[in-house]
Structure formats: C-alpha cells, structure tokens
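Only the coordinates and a few stated rules stand behind these numbers; no lab work does. The shown structure was predicted, so the numbers you read here are calculated from the model rather than taken from an experiment. Here the Cβ is made from the backbone with ideal geometry for all residues, glycine too, and neighbour counts use every protein chain on show.
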Amino acid sequence: MGKAVVASATAAIAEVIEDGVTGRLVAPGDQRELRAAVQGLLADHRERLRLGANAREACQAEFSLDRFAERLGGVFKNAHVARR
C-alpha cells in the first residue's frame, strides 16, 4: 500500500522489513522505542513517503504474483529432480 511500517524486529518480520530502508524495526516489547519510532514518522512526512515508496517497490519485486509463480515452479522442479 506504500505506507511506512513500524514493527517488532522478530525473525520473520526482520526478513521482510529492512530497518531505515523499507520501515522501522523496534525491539520486541519495547514500548518506548515503538512510541518514538511512530512519533518520529508522524513528524517527518518526507521520511514516511520515502519508507513507504521503498516498501512498495520491495514488495512488488519480492511478493508479486509473478515472483510467487517463479518460486513455486522452482519448488516443483526441485521436487521432480529429487524423485529421480
């Protein structure tokens, strides 16, 4: 959706969001850090737009239907080769 994201830096989330590039990551459970990250983005319109645009671009590149089909095709190809 092209929106800036603030999320906890847990394993799966940290694989999708690159801190300072496609969003902001904060330590899990750290309410002060979460509040500071959200307030920082609310105060900085340009940074919100930059992170949102970067996130949208990364999402389209990595999670598009074409990319999904490509990866799924690779899974089937590898499964077929493994059966031989």
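Observations on the structure shown:
- Loop-located trypsin sites (Lys or Arg not before Pro) across segment 2-48 with a Cβ neighbour count of 14 or fewer within 10 Å are 3, with loop assigned by DSSP.
- This ranking places 10, 22 by how few other beta-carbon atoms lie within 10 Å of each, fewest first, which gives 10, 22.
- Rounded to the nearest Hz, the phi-derived 3J(HN,Hα) couplings of segment 41-53 under the Karplus curve 6.51 cos²θ - 1.76 cosθ + 1.60 (θ = phi - 60°) are 6, 5, 7, 10, 4, 4, 5, 4, 5, 4, 5, x, 5, where x marks glycine and proline.
- Relative contact order %, the chain, counting alpha carbon pairs below 8 Å whose residues are six or more apart: 32 percent
- Answer label, with Cα extents along the principal axes in Å calculated from the coordinates and candidates (i) 37, 33, 20; (ii) 46, 25, 20; (iii) 57, 26, 14: (iii)
- Residue-by-residue Karplus 3J(HN,Hα) for segment 65-70, coefficients 6.51, -1.76, 1.60, Hz, glycine and proline x: 4, 4, 5, 4, 4, 4
- Phi angles across segment 27-35 convert, under the Karplus curve 6.51 cos²θ - 1.76 cosθ + 1.60 with θ = phi - 60°, into 3J(HN,Hα) values of 5, x, x, 8, 5, 5, 5, 4, 4 Hz, Gly and Pro given as x.
- Cut-off under 5 Å, modelled amide H: who pairs with residue 23 long-range: 18
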